[in-house]
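Asker: Attaching a single structure in C-alpha cells format; questions to follow.
Bear in mind that the values in this text are calculations on the coordinates, not laboratory data. Please read all numbers here as calculations on a predicted model, not as lab measurements. In this analysis, Cβ positions are derived from the backbone assuming ideal geometry, glycine residues included, and neighbour counts consider all displayed protein chains.
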Amino acid sequence: MELREIKDRGGEVFVVKSYDGINFPPNVPGNVKDHIDAVKNMKYKEGDVFFATFPKSGTHWGFDIMYMLQNGKAEYKTGNVSAVDFQDVSKLEAIKSPRILVSHFYPQHIPQTVIDKKCKVVYIYRNPKDTVVSMHTFVKRLNIESIKTYNGTWEDFVEFFITHDLHYNSWFQHIKSWMDFKKKNPDVPVLILSFEDMKQDLRKNVQIIAEFLGSKQDPEFFDEVANKCQFGAMSKAKSTNTEELSLSKDGSNPFYRKGDVGDWKNWFTVAQNEMFDKVLAEKMEGIDLEVKYTL
C-alpha cells in the first residue's frame, strides 16, 4: 500500500491509498491489502445482498430501499451505513442476516462467497456529470482526516475528475468493471439500475428491486417504501442522524444534497461540457449502457 498525494491544477491535495492498481480513500482500514484479504474471506450468510456503486451514485438511497424491503418495515436504518470498505470485518460479520453488504469496491476485491454462493448483487449507476458535481460538494463538506483538507475549486475539480484517478479511480473504469463482472459470471444474479430511472419512477423501481430480492410484501407496502424513499422525505429524516452529521464540517448531513438529475447544467461551462463529452465518447466505447443526463 502506498499513501499518495495527488495535486489538482490549483495545488490542492487529494490523498489516496494506492493498492492493486486502485486509489482508495485514506479511511480504508490499515494498509488496504490486509483489509481486502479479510473482506474476500468473509463468510456467507443466508440472504446476503452485495450492493455496489461508484461514490455519489445513490448509495444511501438504494441501501434504505433494500433495508426496508428486507425487513418488511418502511423504517429507515438508524446510524451510519456499515460499508464494507471502511468497517472492520469482525463488525460486518456480526451483522444479523439478512445483510446488505454496501461497497464501492471493484469486483476483484469483493467476498469470494458472492461468486461461490451466487449471492444477489445490485449495482446502481448515475450519469458522470451529476456524479462529479455531487462528489465535489461532498468532498468539500467532509470532516474526515486526510479528506477534509481538500478545498479545490469546481473548475479544478472537474478537470481533476476527468484526467486523474481519484478515489476508486474513474467512473468509467468502475462501471466497466461491473459490466464485465456480470458478463463473466452469468450464474451470479446481478441487477443493474440507473439513478435516473429510479428518480423518474421510484415506485416502479422499488417493485423491480423487491422482485429481484424475492420480497413478498403487498403493493401497498411498496407504495409506502417509495414514499419514504423520495429524496425530500429521506433528506428530512436523515437531518438528525448524529452519526452522519458528525462527518460534515457544517453540521449538515453530507450524504444528502439535492438528489437531482441534470443539476450539472448549473455547474458546467460550455468548454467544460465539451471537454467532458470528448472524454465520454472515448471511454464509453464498448460500454453497452444507457446513460441519461436529463429527464
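Asker: Using the alpha carbons of segment 148-230, what is the convex hull volume per residue in cubic angstrom, as a whole number?
Answerer: 152
Asker: Another one. Just want the answer: with Cβ charges of +1 for Lys and Arg and -1 for Asp and Glu, which residue in Y168, V261, P186 is farthest toward the dipole's positive end in the chain?
Answerer: Checked the options; the winner is P186.
Asker: Extension gain N41-L3, at 0.36 nm per residue separation less the Cα-Cα distance, in nm?
Answerer: Answer, rounded to one decimal: 11.2 nm.
Asker: Sticking with this structure for a sec: Please list, or write none, the lysines whose alpha carbon is within less than 23 Å of the alpha carbon of K228, excluding same-chain residues fewer than 8 places away.
Answerer: List returned: K56, K73, K77, K199, K204, K216, K236, K238, K258.
Asker: Can you list residues from other chains, or at least 5 along the same chain, whose modelled amide H is less than 5 Å from the amide H of S18?
Answerer: Amide H to amide H, under 5 Å and 5 or more residues apart or across chains, S18 pairs with E2, L3, R4, F24.
Asker: Once you sort the root eigenvalues of the Cα gyration tensor of segment 33-155 as a ≥ b ≥ c, which label holds: rounded (a/c under 1.5), prolate (a/b larger than b/c) or oblate (the other case)?
Answerer: Verdict is prolate for segment 33-155.
Asker: Name the long-range amide H neighbours of F51: under 5 Å, sequence gap of 5 or more, or other chain; modelled H, no Pro or chain starts.
Answerer: L101, V102, S103, V122
Asker: Here is a follow-up. Over all directions, what mean area does the Cα convex hull of the chain project, stated in square nanometres?
Answerer: Taking the Cα atoms of the chain, their convex hull projects to 14.5 nm² on average.
Asker: Multiply the residue separation of N27 and K278 by 0.36 nm, subtract the distance between their alpha-carbon atoms, and state the gained length in nm to one decimal.
Answerer: Roughly 87.1 nm would be gained on extension.
Asker: At a Förster distance of 22 Å, what's the computed FRET efficiency of K236 paired with S90, Cβ-Cβ distance as r, to 0.05?
Answerer: Here the calculated transfer efficiency is 0.05.
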